[in-house]
Amino acid sequence: MKTAKYLTSEIFKQNSAYYMHRDILPNPDKILARNGGSSGIYADLKNDPHVWSCIQSRKSGLLSLDFNIVPNGVSSGVQKEIEKIIAGLDIRSLLSDILEAPLFGWQPLEVIWKRHEENSRMIIPDRIVPKPREWFYFNSEGKLYMRQPGSIDGEAVPEMKLLLPRHAESSENPYGSALLAKCYWPVTFKKGAMRFWVNFAERYGMPLLIGQYTRGATTAEAEKLAGELASMTEDAVIVTPSDIDIRMQEAARTGSAELFRELIKICNAEISKALLSQTLTTELDRGSYAASETHFRIRREVILADLRLAESVINELIGWICRLNFSSAGQPLFRGVVNDSDNNARAERDLKLCQTGQVSFTKKYWMDTYGFREEDLE
């Protein structure tokens with residue numbers, strides 16, 4: 001049937017002759033394209049104190065949570081084994097590496113496997129190592145390939161070898177959207193403002209020394225006086241003949257200094273909005289209680305989004321472990337515990353529903369929702 005051909009094939013393919021020949025989908029990030037395609041330009045942005053503060057604030061929101069393994073229908077034996085395997089990993093470091101994905105768009109994480117020390121038939125993760133993004137690329141089909149030294153052809157990444165957290169990826173851009181790309185120009189303008197502000201402070205922050213001499217003074221005497229005045233900024237001592245008049249004039253140009261300060265403040269606010277989606281948790285400023293509540297609610301939503309990303313990546317790893325070692329279908333799930341008012345409200349609601357006698361929650365509901373183990377429940 002002729003219609004079926006169009007339904008089962010793509011309408012459009014990459015039409016660049018160069019990329020069709022090499023089958024490489026270029027990263028559409030315009031900032032990277034302007035700077036040679038290396039994500040090192042974004043890594044340099046971390047040297048900005050405000051960028052680093054926002055990154056630490058965002059990561060600390062996820063790292064401060066508690067985590068557990070919920071059964072999700074598997075036996076308690078499988079659940080306990082997965083708990084031991086995950087506990088053997090540096091989970092905090094893994095979570096921090098996963099959160100590099102929103103900053104750079106994506107973050108390849110290589111899984112190094114090993115034989116289980118107690119059961120040689122089992123193969124489990126030994127460590128998970130972040131790899132440079134420049135080592136990999138996506139082809140026109142959106143599949144991940146590893147670049148090969150000395151060759152224009154890449155190699156497909158083996159199955160169950162690479163975890164790939166991504167942020168806001170799409171079919172047009174499998175590399176994801178980098179939040180640090182939104183910080184590039186604010187940091188650039190901020191650096192310029194800081195440099196001009198330092199020059200301004202050097203020129204107008206120190207008092208201006210004015211030395212006057214009589215018309216009969218020689219050029220050598222005038223140069224000597226100028227040198228002594230220059231050294232006076234360090235020693236503040238000068239000895240001159242009585243006919244030389246020296247005055248100190250204070251610089252008064254505070255308006256220009258305020259201009260630099262305001263520009264830096266605006267740049268910091270833009271950085272905060274890009275990385276945290278709000279500004280109040282990193283910039284102390286006046287504001288209403290309602291505004292602060294709004295900002296902290298937005299922060300909570302960002303934390304939950306990061307949690308969902310982390311859960312999806314680690315649950316993919318758990319799925320690989322189960323496929324390699326357990327014959328039973330299904331897998332336990334890695335879940336973060338958000339101890340906030342929403343959880344309290346849910347617990348109060350469930351308690352009230354149980355007290356009515358009309359609603360009965362299953363054991364699976366209690367284990368999946370609140371992280372109880374099977375032996376914890378009657």
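For Ser53, the requirement of being modelled with pLDDT of 90 or more, under 30 Å from Ile85 (Cβ atoms) and among the small types (Gly, Ala, Ser) is not met.
From the list Ser53, Ser60, which one is more than 20 Å from Leu162 (Cα to Cα) and surrounded by fewer than 16 Cβ atoms within 10 Å (Cβ to Cβ)? Even if it seems obvious, please write down each step before you answer.
Working: Ser53 fails: surrounded by fewer than 16 Cβ atoms within 10 Å (Cβ to Cβ).
Within the list Ser53, Ser60, the selection yields Ser60.
When the range 181-225 is limited to residues that are modelled with pLDDT under 75 and assigned to a helix (DSSP H, G or I), the one that is surrounded by the most Cβ atoms within 10 Å (Cβ to Cβ) turns out to be Leu225. With respect to the stated conditions, Trp106 is among the aromatic types (Phe, Trp, Tyr) and more than 29 Å from Phe326 (Cα to Cα).
Condition test on Thr369, is it surrounded by 12 or more Cβ atoms within 10 Å (Cβ to Cβ), modelled with pLDDT under 85 and among the polar types (S, T, N, Q)?
So Thr369 fits the description; yes.
Listed by position, the helices (runs of 4 or more DSSP H) contained in the range 68-115 that have at least 1 residues being at pLDDT 95 or above and surrounded by fewer than 17 Cβ atoms within 10 Å (Cβ to Cβ) are 76-87, 91-98. Of all the residues in the range 146-163, those that are farther than 26 Å from Lys114 by Cα and at pLDDT 95 or above number 0.
Tell me, yes or no, whether the range 259-277 has at least one residue that is within 24 Å of Gly192 (Cα to Cα) and modelled with pLDDT under 60.
Taking the range 259-277 first, the residues within 24 Å of Gly192 (Cα to Cα) are 259-276.
Subset that is modelled with pLDDT under 60: none.
Within the range 259-277, not a single residue is within 24 Å of Gly192 (Cα to Cα) and modelled with pLDDT under 60.
The values are calculated or read from the model by the stated rules, or taken from the named source; none is laboratory data. From a predicted model like this one, the values you see are computed outputs, not experimental measurements. Heads up, the Cβs are rebuilt from the backbone with ideal geometry, glycines too, and the neighbour counts pull from every protein chain shown.
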